[in-house]
1. Residue separation times 0.36 nm, minus the C-alpha to C-alpha distance between Asp67 and Ser39: what's the value?
2. Find, among the chymotrypsin sites (Phe, Trp or Tyr not before Pro) in the range 30-85, those assigned to loop by DSSP (not H, G, I, E, B) with at most 14 other beta-carbon atoms within 10 angstrom.
3. For the range 46-81, which trypsin sites (Lys or Arg not before Pro) are both in a DSSP coil and crowded by at most 11 other Cβ atoms within 10 Å?
4. Taking 0.36 nm per intervening residue step and subtracting the Cα-Cα distance, what contour gain separates Ile77 from Ala104 on full extension?
5. For Arg52 and Arg28 in the same chain, what is the full-extension length gain: residue separation times 0.36 nm, less their Cα-Cα distance, in nm?
Amino acid sequence: MNHFAFAKTCTVTALLLAVAGAKAEHIRKDLLGDAVPPSDAYRTIVIGSDTRFVNVTGDEVVNFMVDGKRFAWRFPIGTGVRSFSLNEVAPEGVLSHPVRAYIAPDPLYVQE
């Protein structure tokens, strides 16, 4: 293999590794929102064994019910986070399968 082909192969490999690394989720936990008392929740979402995702809005406080257990979470506003694994913030042992939270922008802060 000549030097040009080797360099081209190395460049393509480096780009593929960079893209693969960019797909990995590494979000600082302080950008994911805050745990709050369940009494602060505006609404409740029941998570069943077939629930794969939930839709929420930035600055919304949601009470999650999972097999008789519950936790409440205030979702971030203005952090740039549009989705994350709810398993990252759920109390230990509450979620037995992956659930993704998709965060819509708070309409109070959306400029048209």
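1. Numbers: separation 28, 0.36 × 28 = 10.08 nm, distance 1.85 nm.
Stretched fully, the Asp67-Ser39 segment lengthens by 8.2 nm.
2. Numbers: sites: Tyr42, Phe53, Phe64, Phe71, Trp73, Phe84; in loops: Tyr42.
Passing both the DSSP loop test and the Cβ count: Tyr42.
3. On the way: sites: Arg52, Lys69, Arg70, Arg74; in loops: Arg52.
When the trypsin sites (Lys or Arg not before Pro) of the range 46-81 are filtered for loop state and at most 11 Cβ neighbours within 10 Å, Arg52 remain.
4. Numbers: separation 27, 0.36 × 27 = 9.72 nm, distance 0.94 nm.
Here the segment from Ile77 to Ala104 would lengthen by 8.8 nm.
5. Numbers: separation 24, 0.36 × 24 = 8.64 nm, distance 2.21 nm.
This chain segment gains 6.4 nm when fully extended.
Throughout, read-outs are computed from the coordinates displayed, never taken from laboratory work. Everything numeric in this text was worked out from a predicted model, so none of it was measured. Because the Cβ atoms are built from the backbone with ideal geometry, glycine has one as well, and the counts that use them run over all protein chains shown.
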